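All of the numbers you see were taken from the coordinates with simple rules; none came from a lab. Just so we're clear, the structure is a prediction, and the values are computed from it rather than from any experiment. Here Cβ is always computed from backbone atoms with ideal geometry, including for glycine, and neighbour counts include all displayed protein chains.
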Amino acid sequence: MLERVLWPRGRRTVTARPVAPRLETLAGKTIGQLWDDLFRGDEIFPMLEAALAQRYPGVKFIDYRTFGSTHGAEEHEVLANLPARMRELGVDAIISGMAC
């Protein structure tokens, strides 16, 4: 008797792309913050800023409110505009906060 076996994972539809190289340091860099407005980003981002500023001289931050929420009615527009917005603001790195 022939039995069929199904693999639970779907077919791959997207080819993985290499990630950007890591920055050697965050000193003097500009870090953008992204948040989905779901879980304590308003508390967490200030803590991250304080810790990173203490460790990396001259680091600057672009507040998550500058970019808009990465969740909800405007998320597609926010994400579509993100690369241009990052270039415009001189962002070197992003911290993306999201809830589960």
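General observations
- Proximity of backbone amide H atoms, modeled 1.01 Å from N, is registered between SER96 and LEU34 at under 5 Å, excluding neighbours fewer than 5 places apart on the same chain.
- Most mobile of GLY72, GLY58, GLY32 in a GNM of the chain (Cα contacts under 10 Å): GLY72
- Residues in the stretch 68-100 that a label on THR30 would reach, taking backbone N under 11 Å of a point 7 Å out along Cα→Cβ: 85-93
- Nitroxide proxy distance, nm - points 7 Å out along Cα→Cβ at ARG22 and GLU88: 3.2
- Relative to the dominant Cα principal axis of the chain, helix 41-55 is inclined by about 60°.
- Label of the coordinate-derived value, Rg and Dmax of the Cα atoms in Å, listed as [x] 18.6, 70; [y] 13.1, 42; [z] 21.0, 70: [x]
- For the chain, a Gaussian network of Cα nodes joined below 10 Å ranks ARG11, ARG87, ARG55 by mean-square fluctuation, and the top entry is ARG11.
- In a simple Cβ point-charge model (Lys, Arg +1; Asp, Glu -1; nothing else charged), the chain has a dipole of about 600 debye relative to its Cα centre.
- Taking ARG22, ARG65, ARG85 as the candidate residues, the one with maximal mean-square fluctuation in a Gaussian network model of the chain, Cα springs under 10 Å, is ARG22.
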